[in-house]
């Protein structure tokens, strides 16, 4: 039938989300998503899925800050209430912990977002021009 929309199979959101969060290709789950720390591969080395057109932009840092803030601030406030440590001790503990948690979480959030984009066929992941 001419003019009928093409039916495309669904992509599982949960699987793509988990694969991306693990730093794997959202399509096959085997190939590496990243070339370096946050540099996304042009294509999957395992299945060849094009990854270059992902648009994570500013969302991963935003979500990372949101998650890290909601995790670390209550712990810092709780430790202040229970042990009443000095300001120097709090800075020595919470600043590096916050930094390390954010650096650990950022590629996982970015990968999950790329997996989300792939599963929803956003930004060129659907095989059609935008």
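Residues checked against (1) in contact with a strand residue (DSSP E or B) (Cβ under 9 Å, 6 or more places away or on another chain); (2) within 28 Å of residue 126 (Cβ to Cβ); (3) exposed (fewer than 15 other Cβ atoms within 10 Å of the Cβ):
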site	(1), (2), (3)
16	no, yes, no
27	no, yes, no
44	yes, yes, no
69	no, no, yes
72	no, no, no
78	no, no, yes
102	no, no, no
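Residues of region 83-130 being within 20 Å of residue 59 (Cβ to Cβ) and part of a loop (DSSP other than H, G, I, E, B), which ones?
Listed by number, the residues that qualify are 120, 121, 122, 123, 124, 125, 126, 130.
Restricting to region 29-42, name every residue that is in contact with a strand residue (DSSP E or B) (Cβ under 8 Å, 6 or more places away or on another chain) and surrounded by 15 or more Cβ atoms within 10 Å (Cβ to Cβ).
At the first step, the residues of region 29-42 found to be in contact with a strand residue (DSSP E or B) (Cβ under 8 Å, 6 or more places away or on another chain) are 30-34, 40-42.
Selection gives 31, 33, 34, 40, 41.
Computed from the coordinates by the stated procedures, all read-outs in this text should not be read as laboratory data. Predicted model, so just to flag it, every value in this text is computed and none were measured. Reconstructed Cβ throughout: ideal geometry from the backbone, glycine too, with neighbour counts over all protein chains shown.
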